[in-house]
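**Q** Sending over a structure as structure tokens; questions will come in a sec.
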Amino acid sequence: MELTYLKSINQALHEEMRRDENVFILGEDVAELGGAFKATEGLLEAFGEARVIDTPISEALIVGAGVGAAVLGMRPVLEMQFGDFIACAFDQIVNMAATLRYRHGGKAACPLVIRAPSGAGIHGAIFHSQNPEAWFTRVPGLKVVAPATAYDAKGLLKSAIRDDDPVIYFEHKRLYRSIKEDLPEGDFTVPIGVAELRRAGDDLSLITYGGTMHQSLDAARIVEKEDGLSVEVLDLRTLLPLDREAIMATVRKTGKALIVHEDRLTGGIGGEIAAIIGDNCFEYLDGPVRRVGMLDTHNAFSAPMEEYILPNTNKIVDAIRSLAAY
Amino acid sequence: MELTYLKSINQALHEEMRRDENVFILGEDVAELGGAFKATEGLLEAFGEARVIDTPISEALIVGAGVGAAVLGMRPVLEMQFGDFIACAFDQIVNMAATLRYRHGGKAACPLVIRAPSGAGIHGAIFHSQNPEAWFTRVPGLKVVAPATAYDAKGLLKSAIRDDDPVIYFEHKRLYRSIKEDLPEGDFTVPIGVAELRRAGDDLSLITYGGTMHQSLDAARIVEKEDGLSVEVLDLRTLLPLDREAIMATVRKTGKALIVHEDRLTGGIGGEIAAIIGDNCFEYLDGPVRRVGMLDTHNAFSAPMEEYILPNTNKIVDAIRSLAAY
Amino acid sequence: MPEATSARSDGTRIEFELQLYYWMKLVRAFEERVSRLHRQNKIVGGVYSGAGQEALVTGVCATLREGDFISPLHRDLGVFLVRGVDPGRLMAQLMGKETGLSRGKDSFLHAGDLEHGIFGATSMLGSTLPVAVGAALKFQIKKEDNVAVAFFGEGASSRGDVHEAMNFAGVRKLPVLFVCENNRYAYSTPLEKQMAIEDVADRAPAYGFKGYVCSGNDLLAVLEVAERVVARVRGGEGPALIECKTYRYHGHSEHDAALYRDKDELIQWESRDPIPRFEFYLEKKGQDVRRIREEIDERVRKIVQDSVDYAEQSPLPAPDEAMDDLYATPIPNGTGNRGG
Amino acid sequence: MPEATSARSDGTRIEFELQLYYWMKLVRAFEERVSRLHRQNKIVGGVYSGAGQEALVTGVCATLREGDFISPLHRDLGVFLVRGVDPGRLMAQLMGKETGLSRGKDSFLHAGDLEHGIFGATSMLGSTLPVAVGAALKFQIKKEDNVAVAFFGEGASSRGDVHEAMNFAGVRKLPVLFVCENNRYAYSTPLEKQMAIEDVADRAPAYGFKGYVCSGNDLLAVLEVAERVVARVRGGEGPALIECKTYRYHGHSEHDAALYRDKDELIQWESRDPIPRFEFYLEKKGQDVRRIREEIDERVRKIVQDSVDYAEQSPLPAPDEAMDDLYATPIPNGTGNRGG
Ligand SMILES: Cc1ncc(C[n+]2csc(CCOP(=O)(O)OP(=O)(O)O)c2C)c(N)n1
Ligand SMILES: Cc1ncc(C[n+]2csc(CCOP(=O)(O)OP(=O)(O)O)c2C)c(N)n1
Ligand SMILES: [Mg+2]
Ligand SMILES: [Mg+2]
């Protein structure tokens, strides 16, 4: 039946907690309230307060405690009430969790998931709109995923929970209730590290993920209709590790690459992707590798400014046209 | 007279504290001990314990308190005992300090400096070798510098202290005592945001900063002698904002770009630089934009592994040769 | 609108008390109008009502001076009004207008007004306490007799930053006052899930200073302890913590129906409302409260309406202003992606 | 080498006490050899001697069982030895050899051995306390009667993570024991610059559990309190904190001449050395300490020498092993830059 992005996350949590009794939930207001966004709704009733645990406002504790439980074989699913607050747990993630297996000489594992509701476009302003992914995609030992569809939201969350490494799971707040999908009955997963081609095309490769994936598809349809341009759209889905093969394959096919993300342009993962393309696809390129991202500022609150700084379908359309015309 | 990189930092602190009584030092073991590396040596004796302040082990407090003093007109110079511990103050830097002026509608400033001894090659292992700069170069509101010479170490620290915005100052531990320089008498500064051409050349542009700057110069000399290659070396010095003009100018001149940093390759600032080049210098490029950086792992302790993962002169020489031959 | 301090010096006690009453009424009226504007979609984003907590904000701020440093929490709209921030600019701030404190840059109370000694917080709870400690450090270094006041919720008290801030304040005997607004809930999380102690004030001795507990809904009680403690802190006796027991009438935010609380609890606390309680006191003092109330209601109604009119007539920021106010010392070449 | 637990169960009291004595001697001998190896440049990087603090490590670990979880601090070499980690592998760890606990990946004690219940810390002081709390949370969820023990220095107690960890442990009544090794200095920073209180143990009540203070150089005192408190924690009575007053003989690290301390202080503390003190106790108990010492010195000398031989003969890791042990679930296509 039809599920929203949000409900599919909730369903994945229900199913995984039923499947594996080592899975438990730790976070702020996740139990009785069911989470600020209702992602953990019903879990307390279904699994009891031993496995669905409200914490005080202590992000470092949430992640650190997750690490302690994880090395002993539990599979904690940790919630940051807003992805922005992940900065308060930074050391626990990039030093404690990311290096755990390494500094134990391979004789330990840290199977935890950090769910981080992220993204802008909901008047969340500076501290409820951030896209923190690129702080983590540079840290070996972590895995980072960012689903753009309800199917991937469910399938990637299940893979993340079953994965034996720390996985940061960025769920886009704007997608929670704005997208619906018919999901297959029964258990399915989406593999970590594998991008998905959402649309085949010949003229240009549009590489994106998460919040801007749907805007990118819309833009591709518009330019097809209005300009007869055939745009290939690659949804990365996983940001660490990057699916380098898929990135190179599409660019080698079309000869032009446009990278789109809602994260800020400077320092966003688009730079790394552009570098990979520039190094590995040089002889295939018929034009410069271009990027569309949020302007280099903070997530301004007031509507005209928020509108101005964020990527949107029109900006993507313009970027496609100018690159295609190159 | 001849000054080491470390002494030039110490001298800059002495001179700035003498020049401006609003400058003060806050950090762990900075007073009586003079800092773990002796960078703040003599300041307690010269300026007293009201302006040279030892803190408990509280990185978030150090930065947060710096912010509070800074908005009231002080100019705190904050020390992270090792740059690696900057992760413990992450929220205070990227949220509290970086957005301060913005969220006050431009009616406040946050003139502070965070000194972060960073870098590998001294058997520091996972937690005393990190190069954290790229976590911050994606955050508007901050400025990030990374001097490679004793002259720049002094001049950039003075500029950072006089700057009205939060500046993160990465000083490379391996350079502390390994490089010396004759510094001019009297007051001088090095502007933030301006790269320096260390060596002119025609065949290839080598873009680097900090710890790998000297290895890059050595490599350039070697390939000149042994291969007759003329390599231009650009020392970025400031990482936020990047000197885009200087980067584009050298690449447009030579047509080939090799980016070198000690930071990890994936997610290092080299990706952003490669993206800028790929977008703005496409028609000038005679070969792919290449990068040399630390391998995508943690700073392993044991000598053979540390040697293996870090960039060095030989690896740079090889990269120059292969790109030049392209 | 006179500042607390001036009111203290040139007014008699009763004038001062009437001023306090006026402030509570103004804050309450402003709060309720803000909630209504949110329902009308004229204020978007998170709205956190402080209705019910006016007494503690008014009482503490009334004891402060110009030059003191205050970091309010996300519900402390009252701090802005009592400190004399123009209600119109405050309302414009909430509506994201150009004339607001942050010029539309951030929402609700994530904006400061340093001219009135108010520091703009981030969303990250507890993170402002180290900042207030830094302000106090400045006062100590410069030998100024100002104080820094950090308001924080009992929920924020669980953050590590709060610990680091209080510990250092204790070590340096800094002139900082920590004011805990204990309203029994952090969003949906009740006290017993937040801490294994009764009073947040019991944390103070662990940092070498004194903690005080008072009824945050009793303006006179707040005032009494605040005047005493602020004087000590200002006098160089080191930091202190005042915990005010209180309650928020609304949900955590206007989006929150607060189904996790039971009705009786709410009713009990509404019966402790600080405003009627203070009116009763004024009556005992022989004041014609009925007349005063009507007069002040009228005054307040007008001020709030004017602030709404001002805010609504104020322009929205220009789109590209999103690129302003990032740096105080301009940067050469700008950053990469500036749009336009 | 028998584990504490086994020693407890099948040994008589005196055998157990002789075992404790043996451990202190072994740890001391190992520590001193490590310092010498550092001077000889056979151990590079930071070396943090725990010489002087053997009694508290031995006493606390002796009360623990298999299945308990321990996070030592950067000086707690003794934890590894008392828990029965092979001395050769431990020495190999310090030398960065392939046979070391981290297989050369990290230096000194930034390595764990979960088979012996020892968690490998990062350098970030205090950050392990939330982890120990998480281990205790697992024990609670799974209704296991194990305990988690987190050692931390008085310096680390200033970190925010410590606050968040202790607060949550108190709220959930978790089976975790916090052991503070108060050796009066954090690097060069003396107690009075770290906290405005006498005893770190006084923090415990602020989190709703009990704090105990004991002389960390008195093995019997440590043992007495540890046995009592660990039993309570194991019994489900919630967390506890034991503060052990002690002193490090060496500098913060072997690079540190510790000029910030005065000689008399050092001499005073050397006169409180836990080993002769315990020998005196054994004498009182009628043991032939002279004989025992000689015999144990010999045993220990050999174990330490064997560990050095083993470590020195062990190979260094292959260069490209730096790319191993990053992920437990392998990643497709690998990451970008894997060298080779
Ligand atoms: C570090 C951090 N984590 C989580 C949140 C989300 N959040 C906003 S308000 C709130 C509850 C705050 O409770 P309290 O501090 O008691 O203040 P109150 O809202 O009760 O006045 C939470 C969890 C946040 N703002 N910051
Ligand atoms: C978060 C953090 N900040 C700073 C340091 C640097 N450092 C290493 S040991 C040390 C002193 C530790 O003192 P204490 O916790 O009392 O343990 P001790 O060394 O006295 O046994 C410091 C400041 C660190 N390791 N971690
Ligand atoms: Mg509250
Ligand atoms: Mg200590």
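The values are calculated or read from the model by the stated rules, or taken from the named source; none is laboratory data. Computed from a predicted structure; not experimentally measured. Here the Cβ is made from the backbone with ideal geometry for all residues, glycine too, and neighbour counts use every protein chain on show.
**Q** Provide a single number: the residues in region B:144-166 that are in contact (Cβ under 8 Å) with a residue 60 or more places away in the chain and facing another protein chain (nearest Cβ under 7 Å).
**A** 1
**Q** Hey, can you tell me all the residues within region B:226-253 that are within 14 Å of another protein chain (Cβ to nearest Cβ) and of a type in the set (Asp, Glu)?
**A** Of everything in region B:226-253, those that are within 14 Å of another protein chain (Cβ to nearest Cβ) and of a type in the set (Asp, Glu) turn out to be B:Asp243, B:Glu245.
**Q** Going residue by residue through region C:160-169, is there one that turns out to be within 16 Å of ligand 1 (Cβ to nearest atom), among the small types (Gly, Ala, Ser) and within 9 Å of another protein chain (Cβ to nearest Cβ)?
**A** Yes, region C:160-169 has at least one match.
Let's see how each residue does on (1) modelled with pLDDT of 95 or more; (2) farther than 30 Å from B:Ala36 by Cβ; (3) charged (D, E, K, R); (4) surrounded by 24 or more Cβ atoms within 10 Å (Cβ to Cβ):
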position: D:Thr5; (1), (2), (3), (4): no, yes, no, no
position: D:Gly11; (1), (2), (3), (4): no, yes, no, no
position: D:Ala29; (1), (2), (3), (4): yes, no, no, no
position: D:Arg33; (1), (2), (3), (4): yes, no, yes, no
position: D:Leu37; (1), (2), (3), (4): yes, no, no, no
position: D:Val85; (1), (2), (3), (4): yes, no, no, no
position: D:Glu98; (1), (2), (3), (4): yes, yes, yes, no
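**Q** Right, another one. Within region A:22-59, can you find the residues that are part of a loop (DSSP other than H, G, I, E, B), within 16 Å of ligand 3 (Cβ to nearest atom) and not β-branched (Val, Ile, Thr)?
**A** Within region A:22-59, A:Glu28, A:Asp29, A:Glu32, A:Leu33, A:Ala36, A:Pro56, A:Ser58 qualify.
**Q** Now a separate question. Just one of the numbered conditions (1) within 19 Å of the chain's Cα centre (by Cα); (2) surrounded by fewer than 23 Cβ atoms within 10 Å (Cβ to Cβ) is not true of B:Asp235; which one?
**A** With (1) within 19 Å of the chain's Cα centre (by Cα); (2) surrounded by fewer than 23 Cβ atoms within 10 Å (Cβ to Cβ) applied to B:Asp235, the lone miss is (2).
**Q** Is there a residue being within 16 Å of ligand 1 (Cβ to nearest atom) and either at negative phi or surrounded by fewer than 24 Cβ atoms within 10 Å (Cβ to Cβ) (or both) anywhere in region D:121-130?
**A** Looking through region D:121-130, at least one residue is within 16 Å of ligand 1 (Cβ to nearest atom) and either at negative phi or surrounded by fewer than 24 Cβ atoms within 10 Å (Cβ to Cβ) (or both).
**Q** What are the residues in region A:178-210 that are buried (at least 19 other Cβ atoms within 10 Å of the Cβ) and farther than 25 Å from A:Gly278 by Cβ, if any?
**A** Correct list: A:Ile179, A:Leu183, A:Val190, A:Ile192.
**Q** Additional query: Looking at region A:1-51, which of the residues that are farther than 20 Å from A:Leu183 by Cα and aromatic (Phe, Trp, Tyr) is nearest to the other protein chains (Cβ to nearest Cβ)?
**A** Going through the qualifying residues, I end up with A:Phe24.
**Q** Additional query: How do the pairs read when you match residues in region B:287-313 that are more than 7 Å from chain D (Cβ to nearest Cβ) and closer than 26 Å to A:Glu283 by Cα with residues anywhere that are buried (at least 24 other Cβ atoms within 10 Å of the Cβ) and of a type in the set (Ser, Thr, Tyr), using Cβ under 8 Å and keeping only pairs 6 or more apart or on different chains?
**A** Cβ pairs passing all conditions: B:Val292/B:Thr212.
**Q** Is it true that C:Ser123 is assigned to a helix (DSSP H, G or I) and within 16 Å of ligand 3 (Cβ to nearest atom)?
**A** Answer is no for this residue.
**Q** Quick one: D:Leu56 ticks every box in (1) within 16 Å of ligand 4 (Cβ to nearest atom); (2) more than 30 Å from D:Glu279 (Cα to Cα); (3) not in a loop (DSSP other than H, G, I, E, B) bar one, so which box is it?
**A** (2)
**Q** Would you please name the residue that is nearest to ligand 1 (Cβ to nearest atom), looking only at residues in region B:79-109 that are in a loop (DSSP other than H, G, I, E, B) and facing another protein chain (nearest Cβ under 7 Å)?
**A** Once the filter is applied, the top-ranked residue is B:Thr99.
**Q** Taking region B:158-195 only, how many residues are closer than 19 Å to B:His14 by Cα, of a type in the set (A, V, I, L, M, F, W, C) and either more than 13 Å from the chain's Cα centre (by Cα) or in a loop (DSSP other than H, G, I, E, B) (or both)?
**A** Total meeting the criteria: 4.
**Q** I would also like to ask the following. Regarding C:Ser157, is this residue over 20 Å from B:Cys88 (Cβ atoms), facing another protein chain (nearest Cβ under 9 Å) and of a type in the set (S, T, N, Q)?
**A** Against the criterion (over 20 Å from B:Cys88 (Cβ atoms), facing another protein chain (nearest Cβ under 9 Å) and of a type in the set (S, T, N, Q)), C:Ser157 does not qualify.
**Q** Looking at region D:200-246, which of the residues that are out of contact with any strand residue (DSSP E or B) (no Cβ under 8 Å at 6 or more places or on another chain) and within 14 Å of chain C (Cβ to nearest Cβ) is surrounded by the most Cβ atoms within 10 Å (Cβ to Cβ)?
**A** D:Tyr207
**Q** Same structure, new question: In region B:60-78, which residue that is more than 16 Å from ligand 2 (Cβ to nearest atom) and part of a strand (DSSP E or B) is farthest from B:Asp29 (Cα to Cα)?
**A** B:Arg75
**Q** Looking at B:Glu21, B:Glu59, B:Glu32, B:Glu2, can you tell me which residue is at pLDDT 95 or above and more than 17 Å from B:Val113 (Cα to Cα)?
**A** B:Glu32
**Q** Moving on to the next point. Out of all the residues in region C:135-164, which are more than 16 Å from ligand 2 (Cβ to nearest atom) and assigned to a helix (DSSP H, G or I)?
**A** C:Ala135, C:Ala136, C:Leu137, C:Lys138, C:Phe139, C:Gln140, C:Ile141, C:Ala156, C:Ser157, C:Ser158, C:Val162
**Q** Now, a different point. Out of A:Leu61, A:Leu78, A:Leu100, I need the residue that is hydrophobic (A, V, I, L, M, F, W, C), out of contact with any helix residue (DSSP H, G or I) (no Cβ under 6 Å at 6 or more places or on another chain) and surrounded by 24 or more Cβ atoms within 10 Å (Cβ to Cβ). Which one?
**A** None of the other options fit; the residue is A:Leu100.
**Q** Does region D:130-149 contain any residue that is within 11 Å of chain C (Cβ to nearest Cβ), at pLDDT 95 or above and more than 16 Å from ligand 3 (Cβ to nearest atom)?
**A** Within region D:130-149, one or more residues are within 11 Å of chain C (Cβ to nearest Cβ), at pLDDT 95 or above and more than 16 Å from ligand 3 (Cβ to nearest atom).
**Q** Working only within region B:145-162, note down all residues that are buried (at least 24 other Cβ atoms within 10 Å of the Cβ) and farther than 16 Å from B:Leu6 by Cβ.
**A** B:Val145, B:Ser159, B:Ala160, B:Ile161
**Q** Taking region A:31-45 only, how many residues are among the charged types (D, E, K, R) and in contact with a Phe, Trp or Tyr (Cβ under 7 Å, 6 or more places away or on another chain)?
**A** 1
**Q** Limited to region C:140-159, what total is found for residues that are farther than 25 Å from C:Leu77 by Cα and either surrounded by 24 or more Cβ atoms within 10 Å (Cβ to Cβ) or of a type in the set (A, V, I, L, M) (or both)?
**A** Total meeting the criteria: 1.
**Q** OK, next. Scan region C:201-210 and give yes if some residue there is within 16 Å of ligand 1 (Cβ to nearest atom) and touching an Asp or Glu at 6+ places or on another chain (Cβ under 7 Å), otherwise no.
**A** Yes, region C:201-210 contains a residue that is within 16 Å of ligand 1 (Cβ to nearest atom) and touching an Asp or Glu at 6+ places or on another chain (Cβ under 7 Å).
**Q** Restricting to region D:174-199, and then to whatever is assigned to a helix (DSSP H, G or I) and within 9 Å of another protein chain (Cβ to nearest Cβ), can you tell me which residue is nearest to ligand 2 (Cβ to nearest atom)?
**A** The selected residue is D:Lys193.
**Q** Of the residues D:Leu109, D:Leu81, which is buried (at least 24 other Cβ atoms within 10 Å of the Cβ) and in contact with a helix residue (DSSP H, G or I) (Cβ under 6 Å, 6 or more places away or on another chain)?
**A** Only one candidate qualifies: D:Leu81.
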